[in-house]
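Read the structure below first, then the notes.
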Amino acid sequence: MEQDILERCVTYFTHGGPIEWIGGGITIGTISVSGGDGAADNFGNTFSILGASWLSLSAGAQGVTLGGVDYSGYGDVGGVTLDVSGFKGDTTVVGSAFDDTITDNAGVNTITGGAGADVFTFMDTNTGTTLGLIDKIMDFSNTAGDKIDLTPVVDVNNYGEAGYADFNAFLAGADTADKAVWVGLVGSDGFVAVDHDTNGSIDYVIQLAGLGSLANVDVASFA
Ligand SMILES: [Ca+2]
Ligand SMILES: [Ca+2]
Ligand SMILES: [Ca+2]
């Protein structure tokens, strides 16, 4: 690499810059992120890797926690494990075109699994029941084999579903139904009310954006 290009790379990584600058003609085979202090290191902005052949993360014994991640550009990895549970903040996560395992965090998450049979794992401390502040799965597909892991829900077979006129009616219906997992359809979106400790009180809700029909989800969608 010529000296001026190397200096521009250093400037880029020091000050940040448009990702298109890399796309403009410089191929980086290895991106190394180092300099951690031994505690958790958080990268809050979306960190996109499109076609990188190798990613080396080195930041001390506790490793690196990424915030938003986008693996949609991966073509041949055969599925990835994306875990943002250690990140403190809201994240956007995009899986690969293969069978991924995606774990959320306690923040507000927008999650796209992409193609493949994806497993969406949700923490037991999540973002509550306020519309607009709940986690969203953007492309849940029963036919693709997607699953939602709600561990430690006590009895996922304590399941039911119904259609509702609006979100508040769904919440009231789910509370009345008193199921560990209750799915409602409001317009084209599905909502999953989770009582993870089965104490009769809903702990959090997950939105299944664009679900379309209750036929696209059932008790077998959950674990
Ligand atoms: Ca979350
Ligand atoms: Ca996927
Ligand atoms: Ca509960």
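With a ≥ b ≥ c taken as the square roots of the eigenvalues of the C-alpha gyration tensor of the stretch 99-166, please select rounded if a/c is under 1.5 and otherwise prolate if a/b is larger than b/c or oblate if it is not? Rounded. Gyration tensor over the Cα atoms of the stretch 67-141: the corresponding equivalent ellipsoid has semi-axes (square roots of 5 times the eigenvalues, largest first) of 21, 12, 10 Å.
Any idea what % of Cα-Cα pairs in the stretch 163-205 are farther than 16 Å? Tail fraction, whole percent: 25. Distances between every pair of Cα atoms in the stretch 64-223, grouped in 10 Å steps from 0 to the bin holding the largest one, split as 12, 43, 35, 9, 1 percent. Rounded to the nearest 0.05, the FRET efficiency derived from the C-beta distance between Leu133 and Ser188 at R0 = 25 Å is 0.80. The Cβ shell under 14 Å around Thr91 holds other residues with a net charge of -3, Lys and Arg each +1, Asp and Glu each -1. Cross-link partners of Lys88 among lysines, defined as those whose alpha carbon lies under 25 angstrom from its own and excluding same-chain residues fewer than eight positions apart: Lys136, Lys147.
Every read-out reported here was derived from the displayed coordinates using simple, explicitly stated rules and does not represent laboratory data. Just so it is clear, the model here is predicted, and its values are computed rather than measured. For neighbour counting, all protein chains shown are included, and Cβ atoms are generated from backbone atoms with ideal geometry for every residue, glycine included.
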